[in-house]
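As structure tokens, the structure follows; a few thoughts come after it.
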Amino acid sequence: MILVVTSLVVATVALAAFWLAPRMGRGRVIFQVDPDRPLPFGCDIAWLAIRTRDTAAVCDELGLGELVEVNWNSGLGTVYDRDLGRNRVFVSPPVDDWTFVVSLALPHPVGSGFVDKCSPLLARLAGRFVSVQYFLCYPDLDLFAWARFDEGRLVRAFASTDEGVIWSKGKPTRPERALGLRHFEVRGVKERSGDAGSEILLAPTEDHILQIAKAWSRDPTRLSQRDAAAGLGRIAIVPRSWTMERLKKSA
């Protein structure tokens with residue numbers, strides 16, 4: 001399944017690049033504005049699933065400025081692009097009752113040496129929308145995360161890297177327990193060694209992230225053109241406040 005989805009994403013990015021390339025000049029990009037239907041995403045990216053059909057309200061609460069209308073193909077192609085995606089975010093048209101916010105530039109869970117910008121952003125969104133979910137799936141860096149707020153309350157937040165668990169709040173939800181994810185609370189198994197002689201580290205996988213997303217809201221890798229009418233989302237430059245910052249050392 002992952003291979004199929006990855007192929008679809010690559011095709012989307014390639015097609016977007018084909019359309020965008022001749023339209024780029026003097027630092028300005030003109031995006032496709034022909035309404036289209038949902039396309040899959042979810043590999044090597046971060047996204048929010050927000051229970052609302054009000055795209056404008058999502059953009060407002062995220063603090064996004066200079067919004068530009070864009071369709072699914074161009075929006076996803078942009079945030080997956082190596083250069084354009086570094087500082088842009090795509091807010092999708094609604095699918096059922098969910099609006100997706102897609103960008104690798106979304107604030108990430110971080111270790112103790114950095115300012116936490118992810119938790120405050122999610123809490124602010126949760127103060128306005130009934131359900132807010134966060135997912136991060138980036139296997140190349142062994143970085144996986146998921147979080148969920150319902151009715152303004154944190155239900156669950158979890159993140160791990162190759163160094164172990166860096167974020168764990170709330171009790172594992174039923175989908176996590178069904179997948180055996182409760183074991184990921186353990187950073188290593190004492191007195192057990194792998195072939196390399198190191199402690200065994202249990203870690204989530206890309207498939208786990210997508211299964212949790214499916215149970216909580218929607219698996220974005222399974223979105224199809226049958227899921228919603230043709231529409232337009234929004235693309236924007238990410239706020240400067242999302243930029244990662246190191247904690248200042250006390251004097």
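Every number here is computed from the coordinates shown, using simple stated rules; none is lab data. Please read all numbers here as calculations on a predicted model, not as lab measurements. All Cβ positions, glycine included, derive from the backbone under ideal geometry; neighbour counts span all protein chains shown.
For the pair residue 222 and residue 237 in one chain, pulling the backbone fully straight at 0.36 nm per residue adds 2.7 nm over the alpha carbon distance.
Scanning residues 5 or more positions from residue 143 or on other chains, those with amide H under 5 Å from its amide H are 138, with H placed 1.01 Å from N in the peptide plane. Once you have a ≥ b ≥ c as the square roots of the Cα gyration tensor eigenvalues for the range 74-166, tell me rounded if a/c is under 1.5, and otherwise prolate or oblate according to whether a/b is larger than b/c. In terms of gyration-tensor shape, oblate.
Relative protection proxy for 111-121, 97-107, from highest mean packing down: 97-107, 111-121 (other beta-carbon atoms within 10 angstrom). Stretched out straight at 0.36 nm per residue, the stretch from residue 203 to residue 246 would grow longer than its current Cα-Cα span by 12.9 nm.
Between residue 44 and residue 60, residue separation times 0.36 nm minus the direct Cα-Cα distance comes to 3.2 nm. Within the straight-line cut-off of under 16 Å between alpha carbons, the aspartates and glutamates reachable from residue 117 are 61, 245, sequence neighbours fewer than 8 places apart in one chain being disregarded.
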